[in-house]
Amino acid sequence: MTSEGDALAAVMRRVRAVRDYTDADVPDEALDEILSVARWTGSAQNRQPWRFVVVRSRETLEALAGLAPTARHIGRAPVAIAIVMPGERAVLDAFDEGRVTERILVAATALSLASGMGWVPQEARAEASRLLGLPEGHLLRTVVAIGHASHAAAAPRSRPGTARLPLDELVHRERWRGP
Ligand SMILES: Cc1cc2nc3c(=O)[nH]c(=O)nc-3n(C[C@H](O)[C@H](O)[C@H](O)COP(=O)(O)O)c2cc1C
């Protein structure tokens, strides 16, 4: 690989969910860089269906966190990006939303920021949409918190290399092997 490729691969390997942050802010310049990387994400038919709501207000972050039981960390982050989808084509929306979310996580990591996506459960989406003033019919399912990892959150949660299945369990060559 080129040195640029090595650097990118190293960033990709560092992307982990971080759920606790210091009080340090994320400057607008860093956020704009992340959003401009997200802008270049490919989408089905180049629809670019996503819109981003940047949330910095502590009150709104905490309210969002209150609606998302598995994503309380949003309430502790200095900033979050809510990913808004049109909500018209379920499968394509989900695919495109996943792609753009991952780009945001990678871009944040490349800027040495910590990030963690959060899932807004189905039953809370209408309320979360109201909170952000979304037009009727749009889908708000993913919110990405961005900040600086707290000391505790920066510590490894598992032994190096063990948080993922080994490659030989994931990869089949030429033909599916085993049952
Ligand atoms: C569809 C989807 C929903 C997720 N929802 C949440 C969530 O609600 N809260 C959270 O903290 N992490 C959430 N995550 C992040 C995963 O929990 C995390 O990526 C996974 O546990 C692996 O951990 P790592 O990214 O630190 O390696 C979600 C990831 C995906 C793909």
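General observations
- Separation of the Leu165 and Val15 label points, Cα + 7 Å toward Cβ, nm: 1.9
- With both labels modelled 7 Å from their Cα along Cα-to-Cβ, the Arg173 to Glu59 distance reads 6.1 nm.
- Near Ala149, once Lys and Arg are set to +1 and Asp and Glu to -1 for all other residues with Cβ below 13 Å from its Cβ, the sum equals +3.
- When you count the other C-beta atoms within 10 angstrom of each residue and take the mean per peptide, 2-9, 96-103 line up highest first as 96-103, 2-9.
- Take each peptide in 119-127, 14-22, count the other Cβ atoms within 10 Å of every residue, and average; sorted highest first, the result is 14-22, 119-127.
- Total formal charge among the other residues, if their Cβ is under 13 angstrom from that of Val15, Lys/Arg +1 and Asp/Glu -1: +4
- The stretch 13-153 shape via C-alpha gyration tensor axes, a/c threshold 1.5: oblate
- From phi via Karplus (6.51, -1.76, 1.60), per-residue ³J(HN,Hα) for the stretch 114-120 in Hz, x at Gly/Pro: 9, 8, x, 7, x, 9, 8
- The helix-only estimate of mean residue ellipticity at 222 nm for the chain, built from DSSP H runs of length n ≥ 4 each weighted as -39500 (n - 2.57), is -11500 deg cm²/dmol after division by the residue total.
- Take every pair of alpha-carbon atoms less than 8 Å apart whose residues are at least six positions apart; their mean separation over the length of the chain yields a relative contact order of 29 percent.
- Counted charge near Gly116, where neighbours are those whose Cβ lies closer than 12 Å (Asp, Glu -1; Lys, Arg +1): +3
- Separation of the stretch 101-179 and the stretch 1-44, taken as the distance between their Cα centroids, equals 12 angstrom.
- Of the complete DSSP H runs in the chain, those spanning 27 angstrom or more by Cα along the long axis with a mean Kyte-Doolittle score not below 0.5 are 90-110.
Bear in mind these aren't lab numbers, they're just calculated from the coordinates by the rules spelled out. These figures come from a predicted structure and were not determined experimentally. Note: ideal-geometry Cβ built from the backbone for every residue, glycine included; neighbour counts use all protein chains shown.
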